[in-house]
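Below is one structure, written out as structure tokens, with a few remarks after it.
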Amino acid sequence: MKNRQIPKGLRDFLPNEVKNRRKLEQKAIEVFTAFGYKEVLTPTFEFLEVVETGAGKNREKLFLFMDREGGILSLRPEMTVSIARLAAMHLKDSSFPQRFFYSANVFRHVQPHLAQYREFWQIGIEMLGASGPWADAEVINLAVKILKAMGLDNFKISINQIGIFNSLLADCPVSPDEKDNIRNLVEIKDLVELSRCLDTLPVPDLLKETIARLPILHGGLEVLNRIPYVEKNKAANEAVEELLRVYEALQAFGVEEHIVVDMGVLRDLEMDYYTGIIFEGYSPELGYGLLGGGRYDNLLGQFGFPCPATGFALGMDRLALVLTNQEQEPPHYILGGKNLQVLAARADQLRHEGKIVELDVEAASREVLEEKIRDRDDLIMIYLDDE
Amino acid sequence: MDSCLTIALSKGTLLKPTVELLEQANLPCAGITADSRNMVFSFTGDPEIRYIICRPTDVPAYVEHGAADLGFVGKDVIVEQGKDLFEMVDLKYGYCRFVVAVPAEDKDLKLQDLNYKRVATKFPAVAERFFRANGLQVEIITLHGNIELAPLMGLSDVIVDIVSSGRTLKENNLVELVSIMDSTTRLVANRVSYRTKHQEIQPLVEKIQMIVKGGIIT
């Protein structure tokens, strides 16, 4: 009976869902375009070498297959790496910054559940060739603007600078394995195991305390005063400074009511190419993140074209779960009758006026047609008798 | 904004100590007892608190999906399900441990002798991970209860199960071969709730941390 099933984690979209989806997409495109972002498309699958350049060695999450020349191909698990490759291949001689947006389906071999599919839709932006806090803030500002344009009000963007955690970890006098373990525990937010693990390691108490506290440090700028060890570490200090400047820029953009400083955001579970400011967007109506992004200054270099970059991706499937469609539809008519020529002319006239018109192609009688649409209060019937 | 906290509680043996802890933390929990047939308890206040009483194995699902903001559940359940949760506090009660156990006559077996044996368990993920980490391949047979029956009836050579006192093992003539890990009750939070309801959740977590450390709540 496989001919009546679809593979696990995929789905069909019926007309109402597609309509809803396209509207959201349209709004996003309007905002992106107004900010000077231009759309790009990349292939649905890439060589595994390309995907692994950025996304790291996480093969069990990829859909892999072979081409007939012996190459290993991967359905794209996200768009950022592909766009970095595109830029490195085609844009070396362009002037920067370049601003791109995309709307694309991506594929990950995950355990499917609500809000997590194996094929899902992302829209997002990448700003290539610009470093500095204004660039980071523009991208975060745009994330806020997009969510607002789509009708969401009650949301927060959590921002962090990954260099804070990375440089604190680098200061721990422990083996690389133990560092990986600490990183993993912070990422999976197992605070219980994290403090137990830190207790067994020869890490200075102040540093221990700071690392153990990071995952739950959350709030306004005052959060930055609660990471005492940072002053002992130049790189961490610089990262905090940068976060501060981005926050100030976001104040200048007037969106700080949606911004939270959150030392628990690391994003490494998703992709491991981030190098600076990182952020995630949340709505209280959904138990999962809506969007995520950040700065990835080393990724393009891995494709032979060193270039700073930042961006974000927004999960359309998750967004659709928290938004309900409130927009008014144009009137929808059904046009019945026996004389096709008359009907066709009238239909075209109504359509010209911006109405949606369905022709009763079954040429039913007035009574039959009335009966048929009795339960359809979204339809307005017009019946043209022969006169 | 919605200032309602939903907390998932594990029914069964963990319920009583959990309610005691909640009482100590000055949370309303009148009437929540093991013999109550209600599954949802609501208490008005600021924040409004709602409890869901459900099977321990269902708590991670409620919390992961955001149907509950917080949950009280054993580490044994968390580690088996591998759900995406924010594990906040070790509450220390509800102690048990995962063990590999064999029939008493096999008590001199080494772990390495278990290669390609059949393992009956309620915790296939924990068992699989443990044996694999030790370089062993085993055949996992997933059962839903009374695991100790499996070796008696010849269904499996070995079991992986949780024990607290070890009495059940003894009664069924089984002996512990290796201890895999310890488990206690944990306070878990939904990743998003933790951020969007930080104002309500953080003080509660700090209070519970204090109680667990033996501090006094005023």
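Overview of values
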{"quantity": "Helix-only [θ]222 nm of chain A, DSSP H runs n ≥ 4, -39500 (n - 2.57) each, per residue, nearest 500", "calculated": "-11000 deg cm²/dmol"}
{"quantity": "Cα convex hull of region B:140-212, projected area averaged across orientations, nm²", "calculated": "7.6 nm²"}
{"quantity": "Alpha carbon convex hull of region A:152-246, volume per residue in cubic angstrom", "calculated": "107 Å³"}
{"quantity": "Candidates B:Ala104, B:Ala127, B:Ala189, ranked by Gaussian network fluctuation over chain B, Cα under 10 Å, top entry", "calculated": "B:Ala104"}
{"quantity": "Fraction of beta bridges assigned by DSSP in the protein assembly as shown that are antiparallel (%, nearest 5)", "calculated": "65 percent"}
{"quantity": "Per-pair calculated FRET efficiency, R0 = 25 Å: A:Lys27 and A:Leu350 via Cβ, rounded to 0.05", "calculated": "0.35"}
{"quantity": "Unit Cα scatterers, Debye sum, chain B: log10 I(q)/I(0) for q = 0.14, 0.17, 0.18 Å⁻¹", "calculated": "-0.87, -1.10, -1.18"}
{"quantity": "Label point distance in nm, A:Gln111-B:Glu105, each placed 7 Å from Cα along Cα→Cβ", "calculated": "3.8 nm"}
{"quantity": "Virtual spin-label span in nm between B:Arg37 and A:Thr200, 7 Å along Cα→Cβ", "calculated": "4.9 nm"}
{"quantity": "In region A:132-238, GluC sites (Glu not before Pro) in a DSSP loop with at most 10 other beta-carbon atoms within 10 Å", "calculated": "none"}
{"quantity": "Between 0 and 90°, nearest 10: helix B:124-133 axis offset from chain B longest Cα axis", "calculated": "60 degrees"}
{"quantity": "Within chain B, longest stretch free of exposed trypsin sites (Lys or Arg not before Pro) [DSSP loop, at most 10 other beta carbons within 10 Å]", "calculated": "B:111-212"}
{"quantity": "Region A:356-387: trypsin sites (Lys or Arg not before Pro) in DSSP loop, at most 16 other beta carbons within 10 Å", "calculated": "A:Arg374, A:Arg376"}
{"quantity": "Cross-link pairs A:Lys27/A:Lys338; A:Lys38/A:Lys148; A:Lys8/A:Lys179; A:Lys8/A:Lys189; A:Lys61/B:Lys107 - those with Cα-Cα distance over 32 Å", "calculated": "A:Lys27/A:Lys338; A:Lys8/A:Lys179; A:Lys61/B:Lys107"}
{"quantity": "With Cα atoms, 0 to 90° folded angle of helix B:198-212 axis to chain B main axis", "calculated": "60 degrees"}
{"quantity": "Candidate aspartates and glutamates - alpha carbon under 20 Å from B:Lys170, same-chain residues fewer than 8 apart omitted", "calculated": "B:Glu105, B:Asp106, B:Asp108, B:Glu148, B:Asp157, B:Asp161, B:Asp182"}
{"quantity": "Hits among aspartates and glutamates - C-alpha to C-alpha of A:Lys19 under 12 Å, sequence gap 8 or more where chains match", "calculated": "A:Glu327, A:Glu329"}
{"quantity": "Two-site FRET efficiency, B:Val212 against B:Leu152, from Cβ-Cβ distance with R₀ of 35 Å, rounded to 0.05", "calculated": "0.35"}
{"quantity": "Cα pair count fraction exceeding 12 Å, expressed as % - region B:40-81", "calculated": "60 percent"}
{"quantity": "Largest-first principal axis extents, alpha carbons of region A:15-322, Å", "calculated": "56, 50, 43"}
{"quantity": "Dipole-positive endmost among B:Pro56, B:Ala67, B:Gly31 within region B:28-124 (Cβ charges, Cα centre)", "calculated": "B:Pro56"}
{"quantity": "Evaluated at q = 0.17, 0.18, 0.22, 0.23 Å⁻¹: base-10 log I(q)/I(0), Debye formula over Cα of region B:23-142", "calculated": "-0.97, -1.04, -1.35, -1.42"}
{"quantity": "Three-way shape label, region A:332-384, alpha-carbon gyration tensor, a/c 1.5", "calculated": "oblate"}
{"quantity": "Prolate/oblate/rounded call for region B:96-183, Cα gyration tensor, a/c under 1.5 rounded", "calculated": "rounded"}
{"quantity": "Radius, Kirkwood style, for the protein assembly as shown when every pair of distinct Cα atoms is counted (Å)", "calculated": "27.8 Å"}
{"quantity": "Estimated FRET transfer efficiency (A:Glu241, A:Lys148; beta-carbon r; R0 30 Å; 0.05)", "calculated": "0.55"}
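No value in this document is a laboratory result; all are computed from the given coordinates. Bear in mind the structure is a predicted one, so any value in this text is a computation, not a measurement. Every residue, glycine as well, gets a Cβ built from its backbone with ideal geometry; the counts of neighbours run over all protein chains shown.
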